[in-house]
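The structure under discussion appears below in the form of structure tokens.
The values are calculated or read from the model by the stated rules, or taken from the named source; none is laboratory data. Note that the structure is a prediction, hence the values are computed from the model and not measured. With ideal geometry, Cβ positions are generated from the backbone for all residues, glycine too; neighbour counts draw on all protein chains shown. What goes into the accessible areas is simple: the full protein's heavy atoms, side chains included, and nothing from ligands, DNA or RNA. Shrake-Rupley method; radii C 1.70, N 1.55, O 1.52, S 1.80 Å.
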Amino acid sequence: MKALVLTGTKQFDIEDLPTPEIGPHDVLIDTAYAGVCGTDHDLYAGRPGSAAAVPPIVLGHENSGVVAAVGEQVTRVKPGDRVAVDPNIYCGQCEFCLTQRPELCDHLSAVGVTRNGGLAEQFSAPASVVYPLPDNVSLKSAAAVEPISCAVHAVDLLKLHPYQKALVIGDGFMGQLFVQVLQAYGVHEVDLAGIVDEKLKLNAERFHVVNTYNTLRESIPEGRYDVIVEAVGLPSTQAQAIAAANKGAQVLMFGVGPQEAVFEMNTYDIYKKQLTIQGSFINPLTFSDAIALLSSRKVDVDSLISHEFALEQVQDFLDGAITGVSKAVVRLAE
């Protein structure tokens, strides 16, 4: 089978690999689409994602496809089923798994990170992380189930109410997803701050964002918001998130920044405003909710997917030779 193999830092090779073998509890999947995200940029550059990727490895952790074969103990899906795959696999035995915090698993493994993923014509996964798709969810849209599920986990960590005013900082793919997920969870006003006028306009017109701020020329109002989602990961935008917080606000630090990055905040403000500052890591047990959001049309990803690549174009994209990308997916088959 044809596969894009990460063979070293910033080095890919197209290789012909054998069909993955599957065990009794595993599923073999013919890949349809694989999303490419910021984690793939990090892994390509030699930085860790949810875990470190050790070359040679096939990346691709946002995957959809069709079941080609199943192990003898698998009853969850059958050959021919259209599926999306949660990449994260937990040990089920460590302290965090046993205390209902599997995302913090001491032995986390992941399709497309620690084991071969979807940037290949076929890949395998345990049946426990393979989710059948409703008929009205396309395989292309389903490649975004994983990032939607990460947003769902993040908002599950918050206390949300209809009266709240929310701000999302960051107009990348994840920031735009958060706009829709917060609305789906009942927040009555969601505003968006970013740096690309076209994205801000799209979210105002199509997704009913109330106020937009282009932070290259506008300031975000201070002390206005009850919920702030920081979806960039830079010290400057993290400081903006704290400054935008109203009394009693919740600040979700979702953006992934450099491991050495720090930012300053006024500790008295945290005390006086009674702020909650929340991190969020991956997506435990949120795939079903993410698929439901797609199926119900409460989340629209098709409007956000701007590019469809072949395997041979992935390295150019990750090297920055292809610009203007809102969200890219790699098409393997459909």
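Only a single item in (1) open to solvent by less than 70 Å² (accessible area, probe 1.4 Å); (2) free of Cβ contacts under 8 Å to residues at least 60 places away in the same chain; (3) under 22 Å from LEU157 (Cα atoms) is not met by GLN176, and it is number (2). Which one of these does ILE22 not meet: (1) surrounded by 22 or more Cβ atoms within 10 Å (Cβ to Cβ); (2) in contact with a strand residue (DSSP E or B) (Cβ under 7 Å, 6 or more places away or on another chain); (3) not charged (D, E, K, R)? ILE22 satisfies all of (1) surrounded by 22 or more Cβ atoms within 10 Å (Cβ to Cβ); (2) in contact with a strand residue (DSSP E or B) (Cβ under 7 Å, 6 or more places away or on another chain); (3) not charged (D, E, K, R) except (1).
Counting only residues that are part of a strand (DSSP E or B), more than 26 Å from LYS298 (Cα to Cα) and open to solvent by 10 Å² or more (accessible area, probe 1.4 Å), region 103-143 holds 5 of them. When the strands (runs of 3 or more DSSP E) confined to region 228-317 are screened for residues that are open to solvent by less than 70 Å² (accessible area, probe 1.4 Å), those reaching at least 3 such residues are found at 245-253, 276-279.
Considering only region 260-281, I want to know if a residue exists there that is in contact (Cβ under 8 Å) with a residue 40 or more places away in the chain and within 15 Å of the chain's Cα centre (by Cα). Scanning region 260-281 turns up at least one residue that is in contact (Cβ under 8 Å) with a residue 40 or more places away in the chain and within 15 Å of the chain's Cα centre (by Cα). For region 51-83, the set of residues classified as in contact with a helix residue (DSSP H, G or I) (Cβ under 6 Å, 6 or more places away or on another chain) and assigned to a loop (DSSP other than H, G, I, E, B) consists of ALA53, LEU59, VAL74, ARG76, listed by residue number. The set of residues in region 308-326 being among the charged types (D, E, K, R), touching a strand residue (DSSP E or B) at 6+ places or on another chain (Cβ under 8 Å) and more than 16 Å from SER138 (Cα to Cα) consists of GLU312 alone.
Are any of the residues in region 280-296 at pLDDT below 95, of a type in the set (S, T, N, Q) and closer than 30 Å to GLN250 by Cβ? No, region 280-296 has no match at all.
Put simply, of VAL67, VAL54, VAL77 the only residue that is surrounded by 20 or more Cβ atoms within 10 Å (Cβ to Cβ) and of a type in the set (A, V, I, L, M) is VAL67.
Any chance region 188-204 includes a residue that's touching a Pro at 6+ places or on another chain (Cβ under 8 Å), more than 25 Å from ASN266 (Cβ to Cβ) and not in a strand (DSSP E or B)? Yes, there is a match, as at least one residue in region 188-204 is touching a Pro at 6+ places or on another chain (Cβ under 8 Å), more than 25 Å from ASN266 (Cβ to Cβ) and not in a strand (DSSP E or B). With respect to being of a type in the set (Val, Ile, Thr) and in contact with a strand residue (DSSP E or B) (Cβ under 7 Å, 6 or more places away or on another chain), VAL130 fits the description. Exactly one residue out of GLY71, GLY80 is modelled with pLDDT of 95 or more, touching a Gly at 6+ places or on another chain (Cβ under 6 Å) and over 25 Å from SER326 (Cβ atoms): that is GLY71. Annotation: of all residues in region 80-102 being within 20 Å of the chain's Cα centre (by Cα) and of a type in the set (A, V, I, L, M, F, W, C), the one that is surrounded by the fewest Cβ atoms within 10 Å (Cβ to Cβ) is ILE89. Once region 144-187 is narrowed to residues that are acidic (Asp, Glu) and in a helix (DSSP H, G or I), the residue that is nearest to the chain's Cα centre (by Cα) is GLU146. Screening VAL145, VAL137 for residues that are in contact (Cβ under 8 Å) with a residue 24 or more places away in the chain and under 24 Å from CYS91 (Cβ atoms) leaves exactly one candidate, VAL145. Cβ-Cβ distances below 6 Å connect the following pairs, each with a first residue in region 108-134 that is over 13 Å from ASP30 (Cβ atoms) and modelled with pLDDT of 95 or more, a second residue that is of a type in the set (Asp, Glu) and open to solvent by less than 10 Å² (accessible area, probe 1.4 Å), and a separation of six or more residues or different chains: VAL129/ASP86.
Listed conditions (1) of a type in the set (A, V, I, L, M); (2) open to solvent by 80 Å² or more (accessible area, probe 1.4 Å); (3) assigned to a strand (DSSP E or B) are all met by VAL210, apart from (3).
Residues of region 164-187 that are more than 24 Å from LEU234 (Cβ to Cβ) and out of contact with any strand residue (DSSP E or B) (no Cβ under 8 Å at 6 or more places or on another chain): ALA184, TYR185, GLY186.
Only residues that are basic (Lys, Arg) and exposed (fewer than 15 other Cβ atoms within 10 Å of the Cβ) were counted across region 213-227, and they come to 1.
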